[in-house]
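Here the structure comes first, spelled out in structure tokens, and everything after it is commentary.
The values are calculated or read from the model by the stated rules, or taken from the named source; none is laboratory data. Quantities reported herein were computed from a predicted structural model and do not represent experimental measurements. For neighbour counting, all protein chains shown are included, and Cβ atoms are generated from backbone atoms with ideal geometry for every residue, glycine included.
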Amino acid sequence: MNTSSRTRRLPVLWVLLLVSCSARAPVLIAHRGNSSVAPENTLVAVRSALALPAPPELCEIDVRQSSDGELVVIHDDTLVRTAGVDGRVAELPLAEMRRHPVGFAERFGERFADEPLPVLEEVLDLLGPTDTDLMIEIKVRGVGARIALLLAARGELQRHLVASFDPGVVVDASMAVPAVRTLLLRGESDPEELELARRVGADVVGVSARSLSSEAVQLAHDLGLEVWVYTVNDPARAAELLDWGIDGLISDRPEAMRALAPLAP
């Protein structure tokens, strides 16, 4: 939905805020799917985000590589936290990992006891017929180019984007497919970090909410970068960040964040 159709449904004060902060309303990104109500980085978490009354513009997921080269969706480098079993992702084949559901029993009990570990293409297929896109955070080296080429082969370069804390991953993706959208994640928002994002050719810089300032937002915009902020779950902090003119809000609580007027569809 474009900005003009969104603003017709907002109070005049919020319309003025939107016009002053950005040419369009900031996007909402569901962190690891709707991870406040379902196990992170699973198909059920993504489905939960899609089922919200106003789904997020994007879901964020994390990607690693199994020992047999599969692009698996998981944040940690082991299965301990989400599956409750020992084993390093890089040392196990996909079939072995899928013997252990990733229902995050420590947090959700037995509610999602049969939830399997997904692979990247399963998430892409799930989002295919929807209006929600994907932020793919790559946690390991060596697969940035492969994922960019996968998005190109699927004809989805304009939908999804490749993200990483590792500048080399961003560069690899861009060199393989110059048209791919990329995001460089940083823990801090000082000028050197923002300049690094510009130098590697990122379209977006993702910055921790703890470190961001209004001056950093302005500098990033001056450098031609969009600013997405992670991981924001407090409405008061979110409102402050939106007032500074950020372009994207990454949250474990997409439904609660959507209630803020500048994010309303």
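Just to check your reading of the model, which residue among 40, 57 is under 19 Å from residue 256 (Cβ atoms), touching a Phe, Trp or Tyr at 6+ places or on another chain (Cβ under 8 Å) and among the charged types (D, E, K, R)? Break it down into steps so the answer makes sense when it comes.
Details: 57 fails: touching a Phe, Trp or Tyr at 6+ places or on another chain (Cβ under 8 Å).
Exactly one of 40, 57 is under 19 Å from residue 256 (Cβ atoms), touching a Phe, Trp or Tyr at 6+ places or on another chain (Cβ under 8 Å) and among the charged types (D, E, K, R), namely 40.
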Would you be able to say whether some residue in region 227-234 is in contact with a helix residue (DSSP H, G or I) (Cβ under 7 Å, 6 or more places away or on another chain), at pLDDT 95 or above and of a type in the set (Phe, Trp, Tyr)?
no
Just to verify a result, which residue in region 1-49, among those that are at pLDDT 50 or above and β-branched (Val, Ile, Thr), is nearest to the chain's Cα centre (by Cα)?
29
Could you look through region 114-132, keep only residues that are of a type in the set (D, E, K, R) and more than 19 Å from residue 64 (Cα to Cα), and pick out the one that is modelled with the highest pLDDT?
131
In this structure, is residue 141 farther than 21 Å from residue 37 by Cα, surrounded by fewer than 17 Cβ atoms within 10 Å (Cβ to Cβ) and not aliphatic (A, V, I, L, M)?
yes
Which pairs have Cβ atoms under 9 Å, sit 6 or more apart or on different chains, and link a residue in region 80-96 that is free of Cβ contacts under 8 Å to residues at least 60 places away in the same chain and more than 22 Å from residue 138 (Cβ to Cβ) to one that is among the aliphatic types (A, V, I, L, M) and surrounded by fewer than 14 Cβ atoms within 10 Å (Cβ to Cβ)?
86/80
Over 15 Å from residue 46 (Cβ atoms), among the hydrophobic types (A, V, I, L, M, F, W, C) and either free of Cβ contacts under 8 Å to residues at least 12 places away in the same chain or in contact with a His (Cβ under 7 Å, 6 or more places away or on another chain) (or both): which single residue out of 148, 163, 153, 179 fits that description?
153
Kindly indicate whether any position in region 50-71 is buried (at least 19 other Cβ atoms within 10 Å of the Cβ), farther than 30 Å from residue 156 by Cα and at pLDDT 95 or above.
no
Look at region 199-213 and say how many of its residues are within 20 Å of residue 181 (Cβ to Cβ), surrounded by fewer than 17 Cβ atoms within 10 Å (Cβ to Cβ) and either free of Cβ contacts under 8 Å to residues at least 24 places away in the same chain or among the basic types (Lys, Arg) (or both).
1
Just one of the numbered conditions (1) in a loop (DSSP other than H, G, I, E, B); (2) more than 19 Å from the chain's Cα centre (by Cα) is not true of residue 245; which one?
(2)
Does residue 238 satisfy being on the phi < 0 side of the Ramachandran plot, surrounded by 24 or more Cβ atoms within 10 Å (Cβ to Cβ), hydrophobic (A, V, I, L, M, F, W, C) and over 15 Å from the mean Cα position of the chain (by Cα)?
yes
Can you pull out every residue in region 164-184 that is under 14 Å from residue 141 (Cβ atoms), surrounded by fewer than 23 Cβ atoms within 10 Å (Cβ to Cβ) and within 13 Å of the chain's Cα centre (by Cα)?
165
For residue 113, all conditions in the list (1) in contact (Cβ under 8 Å) with a residue 24 or more places away in the chain; (2) surrounded by fewer than 16 Cβ atoms within 10 Å (Cβ to Cβ) hold save one; what is the number of the exception?
(1)
Which one is surrounded by the fewest Cβ atoms within 10 Å (Cβ to Cβ), of the residues in region 23-49 that are in a loop (DSSP other than H, G, I, E, B) and hydroxyl-bearing (Ser, Thr, Tyr)?
36
